Each structure stands twice: as C-alpha cells, then as structure tokens.
1. Can you spot a residue in segment 56-73 that is over 30 Å from residue 161 (Cα atoms) and either in contact (Cβ under 8 Å) with a residue 24 or more places away in the chain or basic (Lys, Arg) (or both)?
2. Identify all residues within segment 113-127 that are of a type in the set (Lys, Arg) and free of Cβ contacts under 8 Å to residues at least 24 places away in the same chain; write none if there are none.
3. Considering each residue of segment 69-91, count those that are more than 11 Å from residue 48 (Cβ to Cβ) and more than 15 Å from the chain's Cα centre (by Cα), and give that number.
4. Among the residues that make up segment 133-153, is at least one of them on the phi > 0 side of the Ramachandran plot, at pLDDT 95 or above and over 18 Å from the mean Cα position of the chain (by Cα)?
5. Select from segment 137-185 the residues that are part of a loop (DSSP other than H, G, I, E, B), over 17 Å from residue 39 (Cα atoms) and in contact with a strand residue (DSSP E or B) (Cβ under 7 Å, 6 or more places away or on another chain) and list them in ascending order.
6. Between residues in segment 146-157 that are surrounded by 13 or more Cβ atoms within 10 Å (Cβ to Cβ) and residues that are among the hydroxyl-bearing types (Ser, Thr, Tyr), which pairs lie under 6 Å by C-beta distance while being six or more apart or on different chains?
7. Out of (1) surrounded by 13 or more Cβ atoms within 10 Å (Cβ to Cβ); (2) of a type in the set (Ser, Thr, Tyr); (3) at pLDDT below 95, the odd one out for residue 160 is which?
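The values are calculated or read from the model by the stated rules, or taken from the named source; none is laboratory data. The structure presented is a predicted model; accordingly, all values stated were derived computationally and were not measured. Methodologically, a virtual Cβ is constructed for each residue, glycine included, from the backbone with ideal geometry; neighbour enumeration extends over all protein chains shown.
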Amino acid sequence: MTVHHRKRREAWDEPGHAHFVTYSCVRRLPLLSKDRTRRWVVEAIECVRNELRVAVWAYVIMPEHVHLLIHPQDARFQMRRILAGLKRSVSDKAKRHLEAEGRSDWLRRLTVSYPSRQVFRFWQPGGGFDHNIFREKTVPAVIEYIHANPVRRGLVRLPTDWEWSSARFWAGHPDVPIRMDSPNS
C-alpha cells in the first residue's frame with residue numbers, strides 16, 4: 001500500500017483538561033482481538049500512566065481501536081508524547097512477535113510504502129481522535145460512552161461483561177487488567 005500524505009490534527013495541550021482519546025489499528029484491522037495484544041495495550045497504558053504522569057479514568061480495548069479518558073497531571077504535558085507512548089511499544093511488540101513467529105505475510109500486510117522508505121504500521125497514521133474535556137459534567141457521559149462500546153457492537157450484553165474495559169473496575173470487580181484513577185481527585 002502506498003501512502004503519500006499524512007493527516008494533521010491540532011492538539012490542545014491545555015493544563016487541567018482531560019482528554020478523550022481514540023486510536024485505531026491500521027486500516028481498522030482487528031489486530032486487538034487476541035488477549036496477547038490487549039495485554040500489550042494495557043502495559044502501554046500503565047507505562048504512560050507512570051512515566052508521563054497521566055491519570056487513567058476510563059478505557060475500552062475493542063478489536064480494532066482503543067478509547068481512553070485520561071487526565072495529564074503535569075502542567076507541561078504534550079499529547080503527542082502521550083499518544084506515542086500509548087502506541088509505539090504495542091507496535092514494536094507486534095512487529096517482534098510477527099518476526100519471531102515467521103509471519104512474513106502479516107509483516108508485508110502491515111508495511112506501508114512511502115516515497116523514501118517502508119514503515120511497519122500497527123496503528124492508523126496520525127494522532128487519532130483527541131477531544132479535550134474541560135467540563136466536569138461531561139466526564140460521566142464520556143465514561144458511559146466508552147463502556148457502552150462493546151454493547152453497541154453486540155460483543156456483550158452488559159458493559160461489565162467485556163473484560164477489556166474499565167466498566168468492571170467501576171462496578172467493583174476486584175480482578176481487572178487496569179485499576180482506574182478517580183476523576184474526583
């Protein structure tokens with residue numbers, strides 16, 4: 001596949017704002033349909049939380065995209081760095097896994113040709129969707145939207161039935177992939 005341009009997006013690195021972030025797998029392929037790749041996403045979220053001081057309020061990992069509601073804790077954060085932290089390690093692990101398994105078919109399928117080089121792409125290029133949340137009353141609505149994603153898609157009957165979502169944490173389930181930070185703190 002040949003790609004000649006890259007989408008640009010405007011980011012607002014506004015202190016005090018939460019961010020509703022969505023990022024998708026390249027060509028919306030269901031690359032997050034296995035627990036292994038979902039665990040890589042969880043590890044990346046935890047790494048960004050710890051290294052870049054980001055509070056995680058809600059998430060869902062769908063087969064071909066991720067929704068997150070996060071709140072950067074540092075006044076001088078950069079969303080581009082946060083997004084790179086969320087995406088790069090997953091992409092690197094996927095490429096290493098495919099190489100180790102000898103999956104040249106998938107390596108070719110996920111390689112994009114640019115005029116000057118070829119690039120392995122796990123994620124859709126660009127920053128994805130990043131919407132600033134600056135009204136406190138909007139936070140519960142965004143969390144509800146995130147949690148309802150697997151239900152809307154018909155993957156489960158209830159949000160808490162989807163293991164790869166913060167709905168289970170907020171419902172009090174003790175065994176969850178990621179513990180959430182409180183939006184009230």
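1. no
2. Answer for segment 113-127, where residues must be of a type in the set (Lys, Arg) and free of Cβ contacts under 8 Å to residues at least 24 places away in the same chain: just 117.
3. 5
4. no
5. Scanning segment 137-185 gives 181, 183.
6. The qualifying pairs are 147/165.
7. Here residue 160 clears every test but (3).
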